[in-house]
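Remarks on the structure that follows.
The values are calculated or read from the model by the stated rules, or taken from the named source; none is laboratory data. What you are looking at is a predicted structure, and each value in this text was computed from that prediction instead of being measured. Cβ sites come from the backbone with ideal geometry, for glycine too, and all protein chains shown count toward neighbours. Calculation scope for accessible area: heavy atoms of the full protein, side chains included, ligands and nucleic acids excluded. Shrake-Rupley method; radii C 1.70, N 1.55, O 1.52, S 1.80 Å.
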Amino acid sequence: MNEAKSTIMERLRQALASEDAGEGRRRAVDARLARHEPVLVPARARVEGEARIALFTEMAEAVQTEVQRLDSFAEIATATARYLRRHNLPQKLVAAPDPLLDAAGWEKQPLLRVRRGNANPEDAVGMTLAFAGIAETGTLMLVSAPERPVMLAFLPETCIVVLPLSRLDGCYEESWARLRQQASQPPRAVNFVTGPSRTADIANTLTLGAHGPRRLFVLLVPDPEAQGPEPEGDA
Amino acid sequence: MSGATPVGFRDRAREALADPTLREALLSIRRGWPHARARAIARLPEFDALRDHGRAIKDHVLAHLDLYLERFERAVTASGGSVHWARDAAEARRLVLEICKRAGARTVTKSKSMIAEEIDLNAWLEAHGIVPVETDLGEYIIQLAGQRPSHLVGPAVHMTREEITELFARHHGTPPSERAEELVAEARRVLRQRYLEADVGITGANFLIAESGSVITVTNEGNAELTHGLPRTQIVVASIEKIVPTMEEAFTLLRLLARSATGQEFSTYTTVVTGPRRAEDLDGPEAFHVVLLDNGRSGMIGGTLRSMLRCIRCGACLNHCPVYLAVGGHAYGSVYVGPMGAVLSPVLYGIETARALPEASSFCGRCEEVCPVRIPLPALLRYWREEAWRRQLAPPAARWGMRLWRHLALRPGLYRIASGVVARVLGLLAGRRGALRRLPLAGGWTGSRDLPAPEGATFTSLYRKGVR
Ligand code: SF4
C-alpha cells in the first residue's frame, strides 16, 4: 500500500519541486497550520448583545427553525411541554445526559416523561445542548461527548436544542476558537445545524424531514448559574 | 449505473433536445438555483472578496499538496483512524472492499460521494456480494432507476415527480404516493431500516482538514450523519485535492459553497468528524478509514489544468451553462458534467474518448463568472480543444452544432419542442458570430433554404433579458 503513497507523493513532488525545492515550502505549511486567525468574517457577523440575538433568531427562523427565548434555565421543561402540546406530540422525550440539563425544571412538569441517554430509532423527540450558536446564519454548533451523543439531533423527528445565551457567537470562527481552547483535538463529531432536515430532490419541491428532524426547536436561555438568589453569580 | 462514456455525447445530446420531460426539468433548474444564488450573494457584500480568498486558499494548498497530505495522514492516525492511498480507481475499489470484508459487511450505507461514483464503487461492491444503499434521496432515486447522477448537487433533477412515484411504487411494493412529502416520508421509512442494518457507512468529503485530520461533510438531509454515526465502521472516500490547512480556511470555503450551489446561507448540516468514537462516547463508529484517491490528479498539478483542482463541486457552472441546460447531465456520459465535467472528463477517460465534451462549449463565459473559486473554465476548455487539435482528434465543433440544427429544422414537430433555449444553444454551438452559412457543410444547403441562424446574440444577453 505504501507503494501507492510513494508514487503519488513522488508525482506531486516532481510537479511542485520547481516552485521551491528548499525548506521554504515546509516553513510556509508550518506557518499556515499554526495560524488560526479568521480569513474574512462578514461584517454582518460582527454584532453584539441584543442585536446578535436578533440576528440569530431572524436567520434561524428564515430556515424554519422555531426559536423561543426564556427568562430562566428552569423554564425549559415547561416550554418543552407546551411546544409538544402545540404540535400534538406525546409528552415524552429523550434528553442528553449532560448534567447542565438537570436544572431544566423537570420537576415542574410531572406529566412529561424524560429519559436521559442517547436516542433510539423509536424516540420521537430528542433534546440536546448546544456548544454554541452562530448568529451569522442562525446555526447551532453541537459538539459530541459521552454526555451529548450525536444521534439525539438526528434520529428523532423532533429535535429540541438548548442554547445558553452566553454561548451565542457572531461567526463560526469564534465558536471554533472556543472549542480549540477546551481541547487540543476536536471531538469525534461537531455538527453545525442550520434548520431542520430538508430535501429538494423530488421535483425541486422543498420538503422538511428528509432523514434528520422534521422540526427544530431552539430554546435561548440564560445560563443556569445565573439563576437563584445571586443573579450575578460567577458563571 | 449507466455504462455510457463521453463518446456518444452528440447522439445523446440530440435525443435530450427532443425530450420534453427533460426540457421541463432543466427549465426548473434555470428558474431556481441561479436566482437563489444571485439573491444570496446580494445579501453578502463580502462575497467577491471571499472568492478571492477561496481561490488563494486552494492555490496555496495545491502548491504544497504533498506536505499537507502528509500532515493530514499524521493527524488522522493520531486521532485513531487510518489513511489508505489509491493511485487509481481500481486500487481505491480494492481498498474499500478489503475494509468492508474485514468488517464482515453485508450491507453498506452511502452518503452522496462523487468519488464513489468516479470509481464506480456500487457495481464493484455488488459484484462482491455487498449491498450498497444510497441514502441521499436524489442518489437513492437514481440508484433505483439504475442511472448516473445528472447534476453535482441534485443527482435526480432530471426526473419528474410522476417518474419517482412510479419508481417507488415498483421498488417498495407500496401504493403509489403522489405528493412530494409522501414520497420523502416513504423513502425516510425505507432508508431508516437500512441505516440500522448497515455494517459500514461510506461517505465522501467536501473538505479534509490537515491540522486535525478531520473530514467535513455537507448535506441538507442529515444522511451523512446517520451514515457515519450508526454503523460500526466508517469509510471516507476522498480525492487528494480536498485538503485545506485549518478550520478557518474551511469556513471561508463553506461560506462560498452553499450560496453558490443552492443559494442557501449555509447548508443544513455541516459536520466535522475526527477519528472513531472516543472511549466513553455513546455513538459513532469504532473504526475510521480514509481512502485518498489520486486518479490522474497528481498529473494535473504541474500544468495548465492545476486550477481545475480548486473546484469545490458547487454546481454553479452547470446551473449557468447554456449547453448543460439544453442537454442535461446524462448526455455527457461522464461522472462529471457541465463545464467542470467537460474539463475533468478528458483527464479521467482520456481526450480521445472525451473530446466531444470540451467542444460543446459556447464560450459564453458564464461558468467562469459564477465559479466561487474563479476557475478559468473557458480557458481550460480551450486547452483541451487545442490538445485534441494537436493530436488531430477533433472534428470541427461547429459541424456538430450544424448537424444538430439541421436534424431539428427538418422535423418541425421536434423543432417546436426544442425551441427557446435550445435554439439559442444551437446558434452558439454553430459558432459565436453565428450564421450557419459560414459553416463548412452549410454552404449549399443554407443557400437554397435560407435558414436563419437560431440566434445571433450571446447567451448572457438573452439570459439577462429572461428570454424563454
Ligand atoms: S468549477 Fe467552479 S462553479 Fe463549477 S462546480 Fe467547480 S467550483 Fe463550482
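Right, B:Thr233: within 9 Å of another protein chain (Cβ to nearest Cβ) and touching a His at 6+ places or on another chain (Cβ under 8 Å) or not? Criteria not met by B:Thr233. Given the criteria farther than 30 Å from B:Arg106 by Cβ, open to solvent by less than 10 Å² (accessible area, probe 1.4 Å), more than 10 Å from chain A (Cβ to nearest Cβ) and assigned to a helix (DSSP H, G or I), does B:Glu248 qualify? When the stated conditions are applied, B:Glu248 does not pass them. Can you tell me which residue is farthest from B:Glu98 (Cα to Cα) among those in the stretch B:283-313 that are within 13 Å of the ligand (Cβ to nearest atom) and open to solvent by less than 10 Å² (accessible area, probe 1.4 Å)? Residue satisfying both the conditions and the ranking: B:Met308.
With respect to being away from chain B (no Cβ under 11 Å) and either open to solvent by less than 60 Å² (accessible area, probe 1.4 Å) or closer than 30 Å to B:Ser267 by Cβ (or both), A:Val41 falls outside the description. Taking the stretch A:107-130 as the range and being away from chain B (no Cβ under 12 Å), surrounded by 23 or more Cβ atoms within 10 Å (Cβ to Cβ) and either among the hydroxyl-bearing types (Ser, Thr, Tyr) or in a loop (DSSP other than H, G, I, E, B) (or both) as the test, only A:Ala130 passes. Whenever a residue of the stretch A:131-147 is under 17 Å from A:Arg46 (Cα atoms), its partners that are in a loop (DSSP other than H, G, I, E, B) and open to solvent by 10 Å² or more (accessible area, probe 1.4 Å), lying with C-beta atoms within less than 6 angstrom and at least six residues away or across chains, give the pairs A:Thr137/B:Glu265. Residues in the stretch B:64-82 that are more than 7 Å from chain A (Cβ to nearest Cβ) and among the aliphatic types (A, V, I, L, M): B:Leu69, B:Ala75, B:Val76, B:Ala78.
Return yes when B:Glu162 is more than 29 Å from B:Ala103 (Cβ to Cβ), over 23 Å from the mean Cα position of the chain (by Cα), more than 9 Å from every other protein chain (Cβ to nearest Cβ) and not hydroxyl-bearing (Ser, Thr, Tyr) and no when it is not. Quick ask: steps written out before the conclusion?
Numbers: more than 29 Å from B:Ala103 (Cβ to Cβ): yes; over 23 Å from the mean Cα position of the chain (by Cα): yes; more than 9 Å from every other protein chain (Cβ to nearest Cβ): no; not hydroxyl-bearing (Ser, Thr, Tyr): yes.
Considered against the rule, which asks whether it is more than 29 Å from B:Ala103 (Cβ to Cβ), over 23 Å from the mean Cα position of the chain (by Cα), more than 9 Å from every other protein chain (Cβ to nearest Cβ) and not hydroxyl-bearing (Ser, Thr, Tyr), B:Glu162 comes out as no.
Kindly indicate whether any position in the stretch B:250-259 is farther than 19 Å from B:Leu309 by Cα and under 21 Å from the mean Cα position of the chain (by Cα). For the stretch B:250-259, residues farther than 19 Å from B:Leu309 by Cα and under 21 Å from the mean Cα position of the chain (by Cα): present.
Taking the listed residues B:Trp384, B:Trp389, the one that is buried (at least 24 other Cβ atoms within 10 Å of the Cβ), over 17 Å from the mean Cα position of the chain (by Cα) and among the hydrophobic types (A, V, I, L, M, F, W, C) is B:Trp384, with no other qualifying. Restricting A:Arg11, A:Arg35, A:Arg46 to those that are of a type outside the set (A, V, I, L, M, F, W, C), closer than 30 Å to A:Leu140 by Cβ, open to solvent by 60 Å² or more (accessible area, probe 1.4 Å) and facing another protein chain (nearest Cβ under 8 Å) reduces the list to A:Arg35.
Considering A:Pro186, A:Pro97, the condition of being out of contact with any helix residue (DSSP H, G or I) (no Cβ under 8 Å at 6 or more places or on another chain), open to solvent by 10 Å² or more (accessible area, probe 1.4 Å), part of a loop (DSSP other than H, G, I, E, B) and at pLDDT 95 or above is satisfied by A:Pro97 alone. Selection within the stretch A:133-151: residues that are assigned to a strand (DSSP E or B), more than 8 Å from chain B (Cβ to nearest Cβ) and in contact with a Phe, Trp or Tyr (Cβ under 6 Å, 6 or more places away or on another chain). The member of this set that is nearest to A:Arg167 (Cα to Cα) is A:Gly133. Within the stretch B:235-256, if we keep just the residues that are in contact with a strand residue (DSSP E or B) (Cβ under 9 Å, 6 or more places away or on another chain) and among the charged types (D, E, K, R), the residue that is farthest from B:Arg37 (Cα to Cα) turns out to be B:Lys242. Scanning the stretch B:216-249 for residues that are of a type in the set (Asp, Glu) and at pLDDT below 95, we see that the one that is nearest to the chain's Cα centre (by Cα) is B:Glu221.
Screening B:Val96, B:Val108, B:Val153 for residues that are more than 22 Å from B:Arg170 (Cα to Cα), open to solvent by 10 Å² or more (accessible area, probe 1.4 Å) and of a type in the set (Val, Ile, Thr) leaves exactly one candidate, B:Val153.
For beta carbons closer than 6 Å, sequence separation of 6+ or different chains, a first residue in the stretch B:67-91 that is of a type outside the set (A, V, I, L, M, F, W, C) and a second that is open to solvent by 20 Å² or more (accessible area, probe 1.4 Å) and assigned to a helix (DSSP H, G or I), the qualifying pairs are B:Arg87/A:Thr7.
One line per residue, one yes/no per condition, for (1) within 16 Å of the ligand (Cβ to nearest atom); (2) away from every other protein chain (no Cβ under 11 Å); (3) in contact (Cβ under 8 Å) with a residue 60 or more places away in the chain:
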residue: B:Ser111; (1), (2), (3): no, no, yes
residue: B:Ile141; (1), (2), (3): no, no, no
residue: B:Gly146; (1), (2), (3): no, yes, yes
residue: B:Leu152; (1), (2), (3): yes, yes, yes
residue: B:Gly173; (1), (2), (3): no, yes, no
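Restricted to helices (runs of 4 or more DSSP H) entirely inside the stretch B:91-191, those with at least 3 residues that are over 27 Å from A:Pro213 (Cα atoms) are B:114-118, B:121-127.
To keep it simple, each residue is scored yes or no on (1) aromatic (Phe, Trp, Tyr); (2) under 15 Å from B:Thr268 (Cβ atoms).
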| residue | (1), (2) |
| --- | --- |
| A:Cys159 | no, yes |
| A:Val162 | no, no |
| A:Gly170 | no, no |
| A:Trp176 | yes, no |
| A:Ser184 | no, no |
| A:Asn191 | no, yes |
| A:Gly195 | no, yes |
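Does B:Ala379 count as of a type in the set (Gly, Ala, Ser), open to solvent by 20 Å² or more (accessible area, probe 1.4 Å), assigned to a helix (DSSP H, G or I) and within 14 Å of the ligand (Cβ to nearest atom)? For B:Ala379, the condition - of a type in the set (Gly, Ala, Ser), open to solvent by 20 Å² or more (accessible area, probe 1.4 Å), assigned to a helix (DSSP H, G or I) and within 14 Å of the ligand (Cβ to nearest atom) - is met.
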